[in-house]
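The values are calculated or read from the model by the stated rules, or taken from the named source; none is laboratory data. Quick caveat, the model's predicted, so the values are computed rather than measured. Cβ atoms come from the backbone with ideal geometry, glycine included; neighbour counts cover every protein chain shown.
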C-alpha cells in the first residue's frame, strides 16, 4: 500500500470536551476500525464541543491538512439546540451522500422508534468521506455494520487509498469491472 | 405539568381556505391527538391557502407567538405547482429532520406506489417541532401512527413540555438514562 | 391524446460523450419506455460530458424548449469528483422529490451494499419531471420498475400529458377521485 491510511475520529460533545464526561464514542469507533480493517492505519482523534464553527474547522483540518480518507464523527446529530454536526458536515462537503443517513436510520429504527430523530448524514470533501454517527457506542456499531461494506469502494472512487477488511467481519463490496 | 401544551394544526388548501371544500385534514389531526394524548392540550387551528409566504408567516406565528411545541400541517406536499408546504417549512426551520419524511413515505408506500410523490418533511424552529402531513384523513392517521412514538422525546429534547400518551394507543418512547 | 408525449433521455458520461465508450444507458432507458408505454411517444436524446453547466443547460433546454414532460438522466450520480448530475438537477428544479431517490436506493440495496453510494434524486422543473438513474443498464431497469408506477400520476399533477402503460408490464397508479 502506497498511501498511509489515516482516519479521523471526531467526538462532538460539550460535556466530553470539558472533561465532565468520559468520551465513549471515539474509542468505540477506534475499536471497531481495529477489528474490521485488516491493515495498518493511523487514527487522528479529536474531542470538540458542539460548536458549529469548531466542528467545521476540525473537519476541514482532518481532510485538508491531515489527509484523512475517512472522517467519522460521533455525537451532535439529534434535534436539540446544540446538535449541529450535520449542518457543519454539510457546509464543508462538496457533495452529500443521502443513502448513508437513510440506511443508518433504517437499521436503528428496527431497535428504537426514536431513530427518526437522528439527523446523521455523510458527504465528500475532496478526497475524504465524512460520516456522522450517533453518540451511543451500541448505535455506533449498528450503524457502522450497516454502511461499512460500501466504504472501501467509496474511498476508491474519490481517489483515496485501498482499504481492506477482515472478511470474517465485514465484506468490502467492490463491483467487478 | 407546568407549561400548557399548545399544538398548532395548519390546514394548507386553496379550496378549503375559500370555503369551496370542507376541511377534513385539520379535524382528523385534532381527533387523532385527542385520542392519543392522555392530558389536556390546547389546539391552535388555522386554514390557509397554498401560498408560501402565508404558510411561512403562520408557522412563525404558531411557533414564536402562540408557543406551540408541536405544529402539524396537512396538505400542499405533492408535486403540483401550488404545493409548497415543504419549502415553506424548510425556510422557517433551523434544522431539518429527514427521518420523519423517510418513515412516512415508507409506511405510505406499503399502501400506494404514489407515496413517493409525497414530499413531506419535518423540522425544528426554536422550541417547536413542525411536521408536514398529507391531505387525506386516512393517510394522516397512518403517518401519525408511524412517527408519533418519537414525538414526545423529540419535544423533550428541544425544551418543550412533557407530552404523555395513552399507551393502549401509542407508546411514547423515551430512552432510559 | 392532445399533447405529444416527448421524453428526454440524457446520458451523462465523459467517456461516452468523447466516443471512447458505447452509450448503453440511453438505449436501455429508450427500450424500457418502448416496452412500458402503450402509446406513441417521441424520444429526445442527448449524450453529454460530466460537466455541471452542460447538464444544467441540457435539462433546461429539454424542459423549456423541447417540452419534455419527463426527462430521465443516466450516469454521474456516484461520489467521484466528476459525478455532478444530482447537483445539476437540483439547481434547475423548483422542487425536489426525495421519495424517488429513497425508493431507488432501497431496491438497489437489496442487490448490492454499494447502493448507498448512489446519490440519484428527482425533481420538478415547470411541467417536467426529471429523474436521475444510475449508469448500468441492469440498475436502470430495477430503478424504473420501482418508480414508474407513480410517474404517470406525477405528470398529471404537474399539468403534463396523460401517460398510459401496458398493464401487463407496469400498472400506472392513479387514485380514485
Residues that are facing chain B (nearest Cβ under 9 Å) and more than 13 Å from the chain's Cα centre (by Cα), drawn from segment C:128-149: C:149
Please find, among C:157, C:133, the residue that is at pLDDT 95 or above and closer than 22 Å to residue C:87 by Cα. C:133
Name the residues in segment A:162-175 that are in a loop (DSSP other than H, G, I, E, B) and away from chain C (no Cβ under 11 Å), would you? A:162, A:163, A:164, A:166, A:167, A:168, A:169
Condition met for residue B:55 (in contact with a helix residue (DSSP H, G or I) (Cβ under 8 Å, 6 or more places away or on another chain) and within 16 Å of residue B:26 (Cβ to Cβ)): yes
Restricting to segment A:97-117, and then to whatever is in contact with a strand residue (DSSP E or B) (Cβ under 9 Å, 6 or more places away or on another chain) and within 7 Å of another protein chain (Cβ to nearest Cβ), can you tell me which residue is nearest to residue B:146 (Cα to Cα)? A:116
Given the conditions (1) in contact with a helix residue (DSSP H, G or I) (Cβ under 8 Å, 6 or more places away or on another chain); (2) touching a residue at least 12 places away in the same chain (Cβ under 8 Å); (3) under 28 Å from residue A:122 (Cβ atoms); (4) at the interface with chain A (Cβ under 9 Å from one of its Cβ atoms), and given that residue B:94 satisfies all but one, which numbered condition is not satisfied? (1)
Flag if residue C:119 is on the phi < 0 side of the Ramachandran plot and touching a helix residue (DSSP H, G or I) at 6+ places or on another chain (Cβ under 7 Å): yes
Kindly evaluate residue A:63 against the criterion of being surrounded by 16 or more Cβ atoms within 10 Å (Cβ to Cβ) and in contact (Cβ under 8 Å) with a residue 40 or more places away in the chain. yes
